[in-house]
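A.B. asks: Input: one structure, supplied below.
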């Protein structure tokens, strides 16, 4: 996956189209990511003594990786990152619009 935890992304499809946020975690098995502040669902939970109360809680649900696009740190434009190799042999992601190396926000 070319989108990693800590990246800023823009949602390009679905009911949350146009919203942006930071990737909280990625679920590689289903090709999904959880984005902060996007795709809230309401869960009804039963009480567990000493752990939590009963009620309705809101939490972010995962969305498919194809419905988000990476936002470049330098030019703040949505972009599909390209893989480039540095002189040191390191494999990094690069913005094709501004040619800037996208740093890992981990």
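A.B. asks: Which members of region 22-45 meet the condition of being on the phi > 0 side of the Ramachandran plot and either in contact (Cβ under 8 Å) with a residue 24 or more places away in the chain or crowded, with 18+ Cβ neighbours inside 10 Å (or both)?
C.D. replies: Once the filter is applied, which keeps residues that are on the phi > 0 side of the Ramachandran plot and either in contact (Cβ under 8 Å) with a residue 24 or more places away in the chain or crowded, with 18+ Cβ neighbours inside 10 Å (or both), region 22-45 yields 31, 39.
A.B. asks: Please go through region 87-106 and give me each residue that is surrounded by fewer than 11 Cβ atoms within 10 Å (Cβ to Cβ) and either under 18 Å from residue 10 (Cβ atoms) or free of Cβ contacts under 8 Å to residues at least 12 places away in the same chain (or both), ordered by number.
C.D. replies: If the condition is that a residue be surrounded by fewer than 11 Cβ atoms within 10 Å (Cβ to Cβ) and either under 18 Å from residue 10 (Cβ atoms) or free of Cβ contacts under 8 Å to residues at least 12 places away in the same chain (or both), then 87, 88, 89, 90, 91 are the ones that fit.
A.B. asks: Let me ask something else about it. Looking only at region 65-76, which residues are modelled with pLDDT of 90 or more and in contact with a strand residue (DSSP E or B) (Cβ under 7 Å, 6 or more places away or on another chain)?
C.D. replies: 65, 67, 68, 69, 70, 71, 72
A.B. asks: Is region 32-55 home to any residue that is touching a helix residue (DSSP H, G or I) at 6+ places or on another chain (Cβ under 9 Å) and either within 25 Å of residue 11 (Cβ to Cβ) or in a helix (DSSP H, G or I) (or both)?
C.D. replies: yes
A.B. asks: Looking at (1) surrounded by 18 or more Cβ atoms within 10 Å (Cβ to Cβ); (2) touching a residue at least 60 places away in the same chain (Cβ under 8 Å), which is the only condition residue 80 fails?
C.D. replies: Here residue 80 clears every test but (1).
A.B. asks: Among the residues of region 56-77, count how many are within 22 Å of residue 29 (Cα to Cα), assigned to a loop (DSSP other than H, G, I, E, B) and touching a residue at least 40 places away in the same chain (Cβ under 8 Å).
C.D. replies: Adding up the residues that qualify gives 0.
The values are calculated or read from the model by the stated rules, or taken from the named source; none is laboratory data. Remember, it's a predicted structure, so these values are computed and weren't measured experimentally. Heads up, the Cβs are rebuilt from the backbone with ideal geometry, glycines too, and the neighbour counts pull from every protein chain shown.
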